[in-house]
Amino acid sequence: MLFIALVLFSGIFAAEERDYELAIETYRRGDYVLSSMYFENILEDQGLRQHFPDAVFHLTKIHDARGDFVHFVSWATRFMSDYPYDTRAKDILALFLKRLTEKKSYLIAANYVEEFDYLVIDYSIVEPIGHGLMAQGEMAKADYVFSLGHQTDTIKILRAMMKSDYRERQKIFETLEGASRNLYVVENDLLLGDTVSAFVNFQNLSERDLDAGGLYRYAKLALLFRPDDVSRYTEDLRAKRGYATKAKIIDAIARRRPEVQLIPEDAEEIRLYQQLCGLDTVSKEPPEDIALDSLLAEAEDTLALMAGLRQRYKNNYLLDSVYCQQLVNLGSYNKASESISSYLKYANTQGYVRKILGFERYVDRAYHDVAKHMILSNQRSPSILYLLAECFRQLGYNSGDLYTKVMDLTADSLLYMKALNGYVLDRYEAAAFDEICSVDVSDLQGDTSTIRMYIHSLARCGQRERADSLFHHYFDEPDYMLLNLHGEHLINEKEYDRAKVYYDSMVQEMADIFDDQIYYNWALISFLNGKMDEAHERFRFYIANFQRSLHYHDALFKIATLSYLAENYDSAAHYYGLASEKETLTSDALDNQLISYKKAGNWPMVIETGRKLLGIIDKEGEARVRFDIGYAFLRVGKTKEAVENLLVASRMKSDPGYYYWLGEAYLGRGDFTRALYSYQKIIDLYARDDMWMPTAQYKTGIVLELLDETGAARDVYRQLIKQRGINDPIAIEANIRLQRIEE
């Protein structure tokens, strides 16, 4: 009886297998009606359960080939939901998204991307969805879809343009790498209302590297910042297809010639033409019935004369500007501004009016407003350039080139001296000491503060004898900073032995010197010489005696580093935290504090420090910090927060380690499918990585076991053993699991 039962069972099994073979044969012949019937019958036969994934897969492909979209959606969704661990699931998703994109069902596609994000391997598939969502006004969804792909300049620009907050846009634009980077930055500066930053960034732009569209945008910006050169840019632009008329209109705007007759051909040209036609000008002629020059020559009180004429002849620009200039000469900038400000709306008087408005604001030390007015005045006389340079220096912008232009252009010896002093101060603040050394000290004409900077610059550049000689010529009192700078030059030149002798002898022989910079370098040189215990002792002496000094936090940073090198990670983290209070050290100190906490295994503090870093770190470093936070959450068992941060990190930067620990976080949450695809990304993208690839394969096998897919797990382990060799450590582990499966 047993024999008969076995024969009957084998016959039934053979018949069932034959049904599957017939389904495959008819599918390959293209007989989709018949093969569809076979596959649907297979799904009703529990004896063929092992073929269910194949049946659903082929039914999906059949309905796609037949153009039956409704059934295609149904079968595709079933396959991705029921068999997400099947390696073909990502192919089905790709096909499904392609079909939805063809039908412009972008929002539905985005929802599927969000649900099955772990199946998205080829990011080029999702980009058209992002574009479609943008066109339909679904900006939040579009931004999410674009965030999944590689962050090229094109994608970054699209994501930036979807932001309503211009400051958020600027953060993205500043990460661009192509030739058009500064174009976007300058244009966004203007949207932010920051004319000064726009002008500064415009100086870093070159029209040579721009395509036709970029050159057109550059020419429009030049209307603001370089109007005298616009004709040169438009001449090149006229030769570009589609830009001839635009170039003519821009050129007419620059020349203030609204009478030019043109026919706009598109919406952009209409906007430009409206700008041209909107140019309003005012007469600069005196009233016809007076001889102004004669009246001024005969008048004893010209200010009273002009005040009377202005009462008699209202709104005459020439009279108002002469009166305004007289007030400026008297230093009455507020009254001067009041007398002329109404002419700001006229294209041919804006330059002069902005200059006067700038003078008024300079008295109030409103340097940003002054710089804006001087930039937009487009007046480049030496006195205006000097004022702009002074504002730039106060605002923290590079002003050295402006001071140099003033010195090159002016014939006024007093203005030359003021510009030279400003140049030395600017270059000193910028640490461009070699540029200061090129100045002739005799030109400084006894300005002791500038001469002291010059001498200090000589010392910083190693010209010790000349620095000492000039110092003794101009000064009598001791200058501890000069003494320190001689030692700093030795440090900068990496002559550590000589520097140590220099500082040790100075501290020993000059007991009356208690200068914080000298004592800081006295400690620093021990550190640089590798005398760690001595350096630690000296830095502790420093923080005990110079708590309000310039280098107090730098010393704390060094103590932290010494503690780290001594593997005292808790102490290192403590001192890095103290050092982070200094703004210039904050980023590095918090970064090192995070590393110290990681070494100490203090995961809650890794999370806390990482969160502080997120507020100040750039986009390039954010992925690393997000990973550290996510990993720390994983170590403390908070898998939800771990997934959130590790997912952000892996989207910002493709890294096998990021994918691996994201998989571990998913595994910890019991989300085996997403864990599987995190490991799969390593296998797909980093097949040659000798560390992460075999680890990902091994973990894939474990996840498949957890999904009760022992057959698939067996195949993974066998492949891993074959690839690595039976004696490889990870292959040994794979073999152990394989034997358990086969028992």
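Computed from the coordinates by the stated procedures, all read-outs in this text should not be read as laboratory data. Please read these numbers as outputs of a predicted model, since none were measured by experiment. Neighbour counts run over all protein chains shown; Cβ positions are idealised from the backbone, glycine included.
Data overview
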quantity	calculated
Count of residues meeting criterion [of a type in the set (D, E) and closer than 22 Å to Y666 by Cα] in segment 700-732	3
Restricting segment 405-456 to residues that are small (G, A, S) and in a helix (DSSP H, G or I), the residue that is nearest to S381 (Cα to Cα)	A419
Some residue of segment 333-346 being of a type in the set (G, A, S), in contact with a Cys (Cβ under 7 Å, 6 or more places away or on another chain), over 18 Å from Y403 (Cα atoms) and surrounded by 17 or more Cβ atoms within 10 Å (Cβ to Cβ)	yes
Qualifying residue in segment 306-313 (condition: under 30 Å from P258 (Cβ atoms) and part of a loop (DSSP other than H, G, I, E, B))	yes
Criterion (more than 20 Å from H373 (Cα to Cα) and among the aliphatic types (A, V, I, L, M)) met by exactly one of L327, L305, L279	L305
Helices (runs of 4 or more DSSP H) fully within segment 519-588 counting 3 or more residues that are under 35 Å from the mean Cα position of the chain (by Cα)	552-565, 569-579
Candidate set: segment 260-277, residues that are under 36 Å from the mean Cα position of the chain (by Cα) and among the charged types (D, E, K, R); chosen: the one surrounded by the most Cβ atoms within 10 Å (Cβ to Cβ)	E269
When residues of segment 631-655 are limited to those that are out of contact with any helix residue (DSSP H, G or I) (no Cβ under 6 Å at 6 or more places or on another chain) and of a type in the set (D, E), the one surrounded by the fewest Cβ atoms within 10 Å (Cβ to Cβ)	E644
Breaking point among (1) part of a loop (DSSP other than H, G, I, E, B); (2) more than 25 Å from the chain's Cα centre (by Cα); (3) free of Cβ contacts under 8 Å to residues at least 12 places away in the same chain, for I121	(3)
Test for T609: is it buried (at least 17 other Cβ atoms within 10 Å of the Cβ), within 22 Å of the chain's Cα centre (by Cα) and farther than 28 Å from D143 by Cβ	yes
Top-ranked residue in segment 214-252 [being of a type in the set (S, T, Y) and part of a helix (DSSP H, G or I); ranked as farthest from N204 (Cα to Cα)]	T245
Every pair of residues 6+ apart whose Cβ atoms lie under 7 Å, when the first sits in segment 719-743 and is surrounded by fewer than 13 Cβ atoms within 10 Å (Cβ to Cβ) while the second is among the small types (G, A, S)	G725/A731
Filter result (assigned to a helix (DSSP H, G or I), aliphatic (A, V, I, L, M) and more than 16 Å from R718 (Cβ to Cβ)) within segment 683-692	L685
Sole residue being over 30 Å from P227 (Cβ atoms) and among the aromatic types (F, W, Y), chosen from Y386, Y454, Y403, Y423	Y454
Residues of segment 157-208 satisfying the condition of being of a type in the set (G, A, S), in a helix (DSSP H, G or I) and within 24 Å of Q394 (Cβ to Cβ)	S197, A198
